[in-house]
Amino acid sequence: MDNTRPSALAAAVAGDLTDMVATSQVASFPAGRLPIGRSQAPAAARQRLRAALWFLLLGYLVVGVFGRFPWKADEPYSFGIIQEMLEDGQWLVPHVADQPFLEKPPLVYWLGALSAKSLDFIPQHESSRFAVLILVAATVLALNWGACHLWLETARWRNWLGSMNHAFSVDQADGVASRQNYGLFAVLLFAGTLGFAEQIHKLTADLGQLAGCVIALCALIRLGTASTYRRRIGLRSSVFIGATVGTGAGVAFMSKGLLGPGLIALTWLSCLSLPAYRGPASRIAALAAMVAALPWFLIWPSLLYASSPDLFDEWLWTNNVGRFLGHGDLGGTGVPLTSKVPALMLAAFPALPLALFVVVRTWREQAKGCVRWVARRDAPGHVCVALYVLISLGVLLASGSFRDNYLLPLLPGFVLLGLPTASLPSGRLASSFRRYTTVGFSLAVVVSVLLWLQLVTTGTVWPSAAGAVIAKVLPLPFDLPVSVYSIVVAVSAVLLWAYVGRRRWFDGWTASWSLGIAMLWVVSLSLLLPWVDAARSYQRVFADLRVQLGAPNCLVTSNLGESELSMLEYVTDIDAVRQYQGRSGAGDPSRPNPAAFGCDSMLVLSNRGSPPAPLDLVTWRPVWHGSRPADANERFDLYIRNTRDLLAQNSKR
């Protein structure tokens, strides 16, 4: 059996990174072995290519963060908490519409509030989202750092697949450039993974948990890969690694609770089965991690408990333990496994198939027994990532609550596990994939531009059949404003994509897919963002409501959740009063709110799944109804109390 070159399947799905060396060099080396970091291409050309790729990735990370109102579902109440901090000084206990909201710790909201306070010349709903850039930058830099430390393990794995007869070694000068390229490809695959596309552009607590988990995981990778480089970790480095793990776990904890640090702790405990994680440096790192994590885990919970033991119990037992067990009406409960698995496969594409390919290919080659290679010894960093993925999968699939954003901490593990495929040489099938993806993304850009042209000229979409389908999710007709800035950004993204994508360095399917996703996101969101924002935010419907309200003595709300209440108060500048008291947005129907009895206006939210209780039309008179554009599920109804009934209520008081 010929073991002298990787299979055609490997070449088809993966060959990205090694195309960054000249084809003539590839041919002159034994199959499976490529020169590391010594491309024949001029250094200036390589720098231009990397710069162009970073600019495209920067556009992907920034476009869609600004220029819009908070989007449903979680972003509106996140901004509502930030508003309460800025206006009412509720920094210790997160509040929404003057009520405690203890689903999550306040770190991300603190960061958003500080961003808004520092940039007070920008509208608060925009300036607070600078926190998104900080958290995503931390995630990307940590992912790049972790991938760079995995490079040598990947190089040995690729060399082992080629069944070389001599040991693989890389000197430090050769390894730097290749590690940098490998880290860059990690960020590129991060951008191409579908589950990140919308989530990393919204201000939610999930971003803090994602950043913390990636920081801690990549520090664990650094601890394990030291043995791969045959280097001893000194005291200072051990303390730094441990402090980074503890800080990452603390950031995850203060962003969303116990899930993130629990995953990191279980991963580290599982890594003790690997020799690379049992030396003196690991013990020092563990001590440093505990010391670094203690302030994150003790200060805010202690202050919360001192402020209100009941709120502390609600946060810890109801919103952490209870959410995992599926207790209470917290949303996302009762999701069957048949729904979780498809959601996972879609969110983790294409990183999940690539990770599966690496695992299956490794097992298949080990079964042949042609060359001795042991993952526990030769790739402890990748084994650490695999353990993290398996533990995260088990916890998330077993959890009683599930939503798509819960998958975010898991996805970077798939990215790092699937990344070794980028080290394999590409072949004819990979080039065919590249051509197909290029054509597909080119057509998608053409469709986006045609939609933009029709909206700015006619306000509708032709043909009418396509317009009827689109109108179910996006408002039609719609007058789309023309923005020169948006046009420049879209054209620049297409030019950068064309410049980077036509290089043979990016022949592989992984790179062409990820580049296309990044480009398409920038083009679509830069041109069509106002259209999407009209459907995803509450700005229009509450602006219309403000005109109808006039100057009510007070506005009582019925069935509105935290997101709706936050946007209602921000857009209308009216402090609404809930019809019922209670911690949830809608309140507890068994606890009527006395403050609502004398209000002359009532706003009722109804939806297809849970219509509200019928109102007494003798007491209340309907005057307006509205909904978000293209939303056939939610409906807001405004009622005015009849004058005679209002006088009777006031006389009783």
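The values are calculated or read from the model by the stated rules, or taken from the named source; none is laboratory data. Treat the numbers as computed from the prediction; the structure is a model and nothing was measured. Cβ: placed from backbone, ideal geometry, glycine included. Neighbour counts: every protein chain shown. Just so you know, the surface numbers come from the protein's heavy atoms only, side chains and all, with ligands and any DNA or RNA stripped out. Shrake-Rupley method; radii C 1.70, N 1.55, O 1.52, S 1.80 Å.
Residue check: A422 meets all listed conditions (1) part of a helix (DSSP H, G or I); (2) over 22 Å from W521 (Cβ atoms) but one, namely (2).
Can you pull out the helices (runs of 4 or more DSSP H) entirely within segment 68-186 that have at least 2 residues that are among the hydroxyl-bearing types (S, T, Y) and modelled with pLDDT under 90? Break it down stepwise before answering.
Details: elements: 75-88, 107-118, 124-127, 130-161.
So the answer is none; nothing clears 2.
Which one of these is at pLDDT 90 or above and hydroxyl-bearing (S, T, Y): S584, S563? If you could, list the steps in order and put the result at the bottom.
On the way: S584 fails: at pLDDT 90 or above.
Answer to the check: S563.
Only residues that are surrounded by fewer than 24 Cβ atoms within 10 Å (Cβ to Cβ), within 19 Å of Q209 (Cα to Cα) and among the basic types (K, R) were counted in segment 96-126, giving 0. Summed over segment 597-628, residues that are open to solvent by less than 30 Å² (accessible area, probe 1.4 Å) and at pLDDT below 85 total 2. Kindly check whether there is at least one residue in segment 52-72 that is surrounded by fewer than 22 Cβ atoms within 10 Å (Cβ to Cβ), without any contact (Cβ under 8 Å) to a residue 12 or more places away in the chain, of a type outside the set (S, T, Y) and under 19 Å from Y570 (Cβ atoms). No, every residue in segment 52-72 fails to be surrounded by fewer than 22 Cβ atoms within 10 Å (Cβ to Cβ), without any contact (Cβ under 8 Å) to a residue 12 or more places away in the chain, of a type outside the set (S, T, Y) and under 19 Å from Y570 (Cβ atoms).
Every condition in (1) crowded, with 21+ Cβ neighbours inside 10 Å; (2) part of a helix (DSSP H, G or I) is met by L266 except one, and the failing one is (1). In this structure, is Y436 without any contact (Cβ under 8 Å) to a residue 24 or more places away in the chain and either closer than 19 Å to L272 by Cβ or part of a helix (DSSP H, G or I) (or both)? Taking the combined requirement at face value, the residue satisfies it. A293 fulfils the conditions (1) in a helix (DSSP H, G or I); (2) modelled with pLDDT under 95; (3) in contact with a Ser or Thr (Cβ under 8 Å, 6 or more places away or on another chain) except for a single criterion, (2). From the set of residues in segment 486-510 that are of a type in the set (A, V, I, L, M) and at pLDDT below 95, which is farthest from L354 (Cα to Cα)? Among residues in segment 486-510 that are of a type in the set (A, V, I, L, M) and at pLDDT below 95, the one farthest from L354 (Cα to Cα) is A498. One residue stands out in segment 356-406 among those that are assigned to a loop (DSSP other than H, G, I, E, B) and of a type in the set (A, V, I, L, M, F, W, C): the one that is nearest to D206 (Cα to Cα), namely F402. For segment 276-283, the criterion of being open to solvent by less than 40 Å² (accessible area, probe 1.4 Å), among the charged types (D, E, K, R) and farther than 27 Å from G418 by Cβ is met by no residue. Of everything listed in (1) of a type in the set (S, T, N, Q); (2) surrounded by fewer than 21 Cβ atoms within 10 Å (Cβ to Cβ); (3) in contact with a helix residue (DSSP H, G or I) (Cβ under 7 Å, 6 or more places away or on another chain), the single unmet condition for S307 is (3). A Cβ distance below 9 Å, combined with a sequence gap of six or more or placement on separate chains, defines the contacts here; from segment 301-315, residues that are in a helix (DSSP H, G or I) reach residues that are open to solvent by 60 Å² or more (accessible area, probe 1.4 Å) and of a type in the set (K, R) in the pairs E314/R583. Scanning segment 391-449 for residues that are among the hydroxyl-bearing types (S, T, Y), over 30 Å from F253 (Cβ atoms) and open to solvent by less than 40 Å² (accessible area, probe 1.4 Å) gives T421, S423, S426, S431, S432, T437, S448. With respect to the conditions (1) out of contact with any Asp or Glu (no Cβ under 8 Å at 6 or more places or on another chain); (2) small (G, A, S); (3) open to solvent by less than 60 Å² (accessible area, probe 1.4 Å), A347 lacks only one, and its number is (1). Give just the number: which of (1) within 29 Å of R403 (Cα to Cα); (2) touching a strand residue (DSSP E or B) at 6+ places or on another chain (Cβ under 9 Å) does G248 not satisfy? Every condition holds for G248 apart from (2).
Quick test for you: out of D544, D533, pick the one residue that is in a helix (DSSP H, G or I), of a type in the set (D, E, K, R) and over 16 Å from D637 (Cα atoms). Don't jump to the end; show me each part of the working.
Details: D544 fails: over 16 Å from D637 (Cα atoms).
None of the other options fit; the residue is D533.
Note on segment 75-94: residues that are in contact (Cβ under 8 Å) with a residue 12 or more places away in the chain and either open to solvent by 20 Å² or more (accessible area, probe 1.4 Å) or β-branched (V, I, T) (or both) amount to 7.
Give me the residue from segment 547-579 that is in a helix (DSSP H, G or I) and touching a Gly at 6+ places or on another chain (Cβ under 8 Å) and, out of that set, most open to solvent (accessible area, probe 1.4 Å).
Keep residues of segment 547-579 that are in a helix (DSSP H, G or I), which gives 547-549, 562-572.
Still in the running and touching a Gly at 6+ places or on another chain (Cβ under 8 Å): 562-567, 569-570.
Values: E562: 35, S563: 11, E564: 14, L565: 2, S566: 8, M567: 0, E569: 29, Y570: 53 Å².
Selected residue: Y570.
Entry remark, segment 184-200: residues being open to solvent by 10 Å² or more (accessible area, probe 1.4 Å) and of a type in the set (G, A, S) number 2 in total.
Listed conditions (1) open to solvent by less than 40 Å² (accessible area, probe 1.4 Å); (2) within 19 Å of A444 (Cα to Cα) are all met by P475, apart from (2). Considering segment 477-529, the residues that are assigned to a helix (DSSP H, G or I), more than 23 Å from the chain's Cα centre (by Cα) and among the hydroxyl-bearing types (S, T, Y) include one that is nearest to T437 (Cα to Cα), namely Y499. Do we find that W513 is at pLDDT 95 or above and aromatic (F, W, Y) in this structure? When the stated conditions are applied, W513 does not pass them.
Taking the conditions exactly as written (in a helix (DSSP H, G or I) and crowded, with 17+ Cβ neighbours inside 10 Å), does A468 satisfy them or not? Spelling it out, it is not the case that A468 is in a helix (DSSP H, G or I) and crowded, with 17+ Cβ neighbours inside 10 Å. For segment 38-67, enumerate the residues that are under 18 Å from the mean Cα position of the chain (by Cα) and of a type in the set (D, E, K, R). The answer is none; no residue qualifies.
Checking I200, I233 one by one, the residue that is touching a Leu at 6+ places or on another chain (Cβ under 8 Å), part of a loop (DSSP other than H, G, I, E, B) and closer than 23 Å to G250 by Cβ is I233 and no other.
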